[in-house]
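**Student:** Quick one: structure below, then a few questions.
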Amino acid sequence: MRAGNSLIFHKAYSNIPAQILTVFLGGRGMRNKSILVLVTVVVIVLSAPPTSATVIVTCADLGGGVAEFSYDASDEPVLVRAFSLDITVDSGATIESIFDYKVGISTAADPGYGVFPGSIDINDTTGEVDDWGTPIGSDYYPGTLPGLGTYGITVEMASLYGGAENAPLVSDTLFKITIDWHNASAVNANIALNALRGGIIMEDGSTPTVDLVGCTLVPEPATLLLLGLGAVMLRRKH
């Protein structure tokens, strides 16, 4: 579902308020151009008053070591523009993959948060999007969790669309992850705002009240049996 290279960066972002642009200036093709703008815009974003309603981000155990992360902004007067989240797991487990996420511009047929500020590649010459990248935040910037294969990932997802009919849904799934249990009998998946990247920002530049609800992943009986057998084998070797 990748968008083609017909998207012109400066034209595509013309419908985004200046307060939000800090979210979009993290791509590989924009690093050297965005420092001054980034510093200026961060001050604007941080001074924006919070809205009165709440954005809820939740985690659900789907079984088989898969967790689903969803949002609900149905009480908000405006839509979310961008999410910057830190996802972590405990008990020695690791996050192995992220999948089932939107890629590219939000449309009526395929709405969602498919712009990835941490890895989007903007062509320096044409201003076109060469590669949308992935939701995993770039370790080029401070405050980034270590990434796949570790205890935590930083996720950056934003929206881009033209016309209200193409807007993201007020509530939907953001992404799913898979974990490696590493012999854990239960794993807590936690959600936190990545404050250095703005956390959650609304389309009007404000920062909402946020409710972050993690979940506990529990291996299915067959998985528990395999984990138990693995532990027994390890003890025998020693």
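FYI, it's all coordinate maths here, none of it is from the lab. Computed from a predicted structure; not experimentally measured.
**Student:** Could you give each residue of segment 100-114 its phi-based ³J(HN,Hα) in whole Hz, using Karplus coefficients 6.51, -1.76, 1.60 with θ = phi - 60°, and x for Gly or Pro?
**Tutor:** 6, 10, 6, 10, x, 5, 6, 10, 4, 6, 8, x, x, 9, x
**Student:** I'd like the distance separating the alpha-carbon centroids of segment 183-204 and segment 58-75, in whole Å.
**Tutor:** Here the two parts' Cα centres lie 12 Å apart.
**Student:** List every residue whose amide H lies under 5 Å from the amide H of Leu79, counting only residues 5 or more places away in sequence or on a different chain, with H placed 1.01 Å from N in the peptide plane.
**Tutor:** Close amide H contacts, sequence-distant or interchain: Glu203.
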